[in-house]
Structure formats: C-alpha cells, structure tokens
Amino acid sequence: MRRKLAAGNWKMNGTNASLTELQTLIATHPAPQIDILICPPATLIVQAAGLSADSPLQIGAQDCHSAASGAHTGDLSAPMLADAGATAVLLGHSERRQGHNESNGLVADKVSAAHAARLIAILCLGESLAQREAAQTLDVIADQLRQSLPDTATATNTVIAYEPIWAIGTGLTPSTAQIAEVHAFLRAQLGDRFGRDAAMGFRLLYGGSVKPGNAADIFAIANVDGALVGGASLTAHDFSPIITALENAV
C-alpha cells in the first residue's frame, strides 16, 4: 500500500514566529496515519528540522541546485539541504519553471541531484489554462514527465505532484473527473516506463487550491495519494483539517 502524503509548500512565507504553527501541528497529530511534510523557506529549515526531530513531521526544501557544490552564488545544493535536516525537496514547481525559466532538462538534473543526496524528490507537473483549453493537457504532462524524470527515479525516492498552473493560488480547482484523468494517465505513463508493479508504488499528489472544504472529495479520487498544499499549509488551523481528511481516506 502506498502511504499517503500531505505536503505543505510555504513558498516565500514564514519567519521564526511561524514555527509555532509546526508546534501546533505536531501536538495535533502526534501519531498520524500518513506522512506529513512541510517545506518552509530555506531560512527556516534548520530550526524546523530541530523542532520536529522527535516527531513524525518531516521537513523539506523548495528547490535545489543541480550541482553538489561550486561557484553558484545564492544557490543551495541538495547535500546542503540534507545537512540542514531536509528529507525531501520540491522540484519543477511551475513558479520555478516560469519565474526562473527552468527547463525540463534542468529539472531532471535537479531531481538526479536530490536522489544522489538521498533526498526524496517531489516532481511537480502541470498545464497552463491555455493548454487545458486547447485540449493539450495530457501531451504537456507526458512531455514533462518524460523529460523531467531521470532514470534514477523509484517509488522510494520520488513523488509526482500534479499541479495545474491555472489552479495554483487562484481558488479554481479542476473537476474530480479532470483530476482522475490526469492521475490515471500518470500511473499508466509510469507503468510504460518502469513496469506496472514499480509504477503502482509511486505516490501521486494533487496540488492547486486544496482547502479543508474540498480535500475529502479530492482524496476520494482514484490514484490520488495525497496533496501538495500551498496557502492552506501556512497555518495549522487550515492544514490540520486537510491532514485529517487524508487520514480518513486511508
């Protein structure tokens, strides 16, 4: 059985004062039936990892460089993140692909770097609204998966997150049928590449305006093994009901 995962992406939000939200999460979910991951800004990884060291809460990062070290001012390598206490890293998020012009090839190199550092890579995929309206969603997803996922990927070191760009932070959510179609397609594509048995082990997350009010419906969809949550992960008040909804779907 694939263990469900509730992952929170704080993006460019959070200061030391925000760590109290993690304390509340830990106190509220001391023995969760799922995996819980928070990806705070890099400035908080060490503190967050220390705070959660004796709890089930895991701490991740939001990006890494493709090189293990070198003259890359302002960048952080996967080994550095692991050393800081991160266990996972988000890669290929649309905000990185768009705002930082990250290509599929670069994302693949970053995923490989994460694997080499023994970090779980959470690979993000998703189409724009124009691509959705042009009926190109599955073609876009296939290209991103093929070109962004290296051969080092396994169900142990990689999680796939489907995040339609047009649903991120907009309050818009695809229909359950649309989510089901993409997740079934991802499972089939992974099966074609890695074999059916291996593909069944990969965890597939949905991301994009996941909230307490819609979480249960999303988690009831086949092949949805959890969520990558943005804004609603910033507070324990909003994220905790999503965690509970996912536990109820186990």
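Only one of Arg118, Arg187 is basic (Lys, Arg), modelled with pLDDT of 95 or more, crowded, with 17+ Cβ neighbours inside 10 Å and farther than 19 Å from Asn9 by Cα; which? Can you show your working first?
Values: Arg118 fails: crowded, with 17+ Cβ neighbours inside 10 Å.
Step by step, each of Arg118, Arg187 is checked, and only Arg187 is basic (Lys, Arg), modelled with pLDDT of 95 or more, crowded, with 17+ Cβ neighbours inside 10 Å and farther than 19 Å from Asn9 by Cα.
Any idea which of Ala134, Ala88, Ala113 is of a type in the set (Gly, Ala, Ser), crowded, with 18+ Cβ neighbours inside 10 Å and more than 23 Å from Ala227 (Cβ to Cβ)?
Values: Ala134 fails: crowded, with 18+ Cβ neighbours inside 10 Å; Ala88 fails: more than 23 Å from Ala227 (Cβ to Cβ).
Of Ala134, Ala88, Ala113, the one residue that is of a type in the set (Gly, Ala, Ser), crowded, with 18+ Cβ neighbours inside 10 Å and more than 23 Å from Ala227 (Cβ to Cβ) is Ala113.
So, in the stretch 181-219, exactly how many residues are among the charged types (D, E, K, R) and within 18 Å of Gly92 (Cα to Cα)? Even if it seems obvious, please write down each step before you answer.
Pass one, the stretch 181-219, residues among the charged types (D, E, K, R): 181, 187, 192-193, 196-197, 203, 211, 217.
Imposing the further condition that a residue be within 18 Å of Gly92 (Cα to Cα) reduces the set to 203.
The qualifying residues number 1.
Here is a check on your reading of the model: is Ala6 outside any loop (DSSP other than H, G, I, E, B) and free of Cβ contacts under 8 Å to residues at least 12 places away in the same chain?
no
Kindly indicate whether any position in the stretch 222-244 is surrounded by 16 or more Cβ atoms within 10 Å (Cβ to Cβ), touching a Phe, Trp or Tyr at 6+ places or on another chain (Cβ under 8 Å) and under 15 Å from Ser175 (Cβ atoms).
The answer is yes, given that some residue of the stretch 222-244 is surrounded by 16 or more Cβ atoms within 10 Å (Cβ to Cβ), touching a Phe, Trp or Tyr at 6+ places or on another chain (Cβ under 8 Å) and under 15 Å from Ser175 (Cβ atoms).
Filter the stretch 155-176 down to the residues that are under 12 Å from Val224 (Cα atoms) and without any contact (Cβ under 8 Å) to a residue 60 or more places away in the chain and list them by number.
Within the stretch 155-176, Ile160, Tyr162, Thr176 qualify.
Please give the number of the condition Ala134 fails out of (1) more than 27 Å from Ile243 (Cα to Cα); (2) touching a residue at least 40 places away in the same chain (Cβ under 8 Å).
Every condition holds for Ala134 apart from (2).
Based on what the data block shows, is Gly60 within 29 Å of Thr170 (Cα to Cα) and over 14 Å from the mean Cα position of the chain (by Cα)?
Here the answer is no, as Gly60 does not meet what is asked.
Report the residue count in the stretch 199-250 for those that are more than 13 Å from the chain's Cα centre (by Cα) and assigned to a helix (DSSP H, G or I). I'd like the intermediate steps shown before the answer.
Keep residues of the stretch 199-250 that are more than 13 Å from the chain's Cα centre (by Cα), which gives 199-201, 209, 211-223, 231-232, 234-250.
Now restrict to residues that are assigned to a helix (DSSP H, G or I): 199, 215-219, 231-232, 236-248.
Total satisfying the criteria: 21.
For Leu149, are the conditions met, namely being farther than 15 Å from Leu228 by Cβ, at pLDDT 95 or above, buried (at least 18 other Cβ atoms within 10 Å of the Cβ) and not small (Gly, Ala, Ser)? Explain how you work it out, then say what you get.
Values: farther than 15 Å from Leu228 by Cβ: yes; at pLDDT 95 or above: yes; buried (at least 18 other Cβ atoms within 10 Å of the Cβ): yes; not small (Gly, Ala, Ser): yes.
So Leu149 passes the test.
Would you point out the residue of the stretch 152-184, among those that are touching a strand residue (DSSP E or B) at 6+ places or on another chain (Cβ under 7 Å) and of a type in the set (Ser, Thr, Tyr), that is surrounded by the most Cβ atoms within 10 Å (Cβ to Cβ)?
Tyr162
Let me spell it out: the conditions are (1) touching a helix residue (DSSP H, G or I) at 6+ places or on another chain (Cβ under 9 Å); (2) buried (at least 20 other Cβ atoms within 10 Å of the Cβ); (3) assigned to a helix (DSSP H, G or I), and Arg193 meets all of them except one. Which number is the exception?
Just one mismatch for Arg193, condition (2).
Could you tell me whether the stretch 102-122 includes any residue that is farther than 26 Å from Ser240 by Cβ, under 18 Å from the mean Cα position of the chain (by Cα) and basic (Lys, Arg)?
Within the stretch 102-122 (the criterion being farther than 26 Å from Ser240 by Cβ, under 18 Å from the mean Cα position of the chain (by Cα) and basic (Lys, Arg)), the answer is yes, since at least one residue qualifies.
Output the residues belonging to the stretch 30-55 that are in a loop (DSSP other than H, G, I, E, B), surrounded by 15 or more Cβ atoms within 10 Å (Cβ to Cβ) and either of a type in the set (D, E, K, R) or touching a Pro at 6+ places or on another chain (Cβ under 7 Å) (or both).
Pro32
Of (1) in contact with a Phe, Trp or Tyr (Cβ under 9 Å, 6 or more places away or on another chain); (2) among the aliphatic types (A, V, I, L, M); (3) in a helix (DSSP H, G or I), Ala188 satisfies all except one. Which?
Among (1) in contact with a Phe, Trp or Tyr (Cβ under 9 Å, 6 or more places away or on another chain); (2) among the aliphatic types (A, V, I, L, M); (3) in a helix (DSSP H, G or I), Ala188 violates only (1).
The values are calculated or read from the model by the stated rules, or taken from the named source; none is laboratory data. Nothing here was measured: the structure is a model prediction, and the numbers come from that model. No Cβ is skipped: glycine too gets one built from the backbone with ideal geometry, and neighbour counts run over all protein chains shown.
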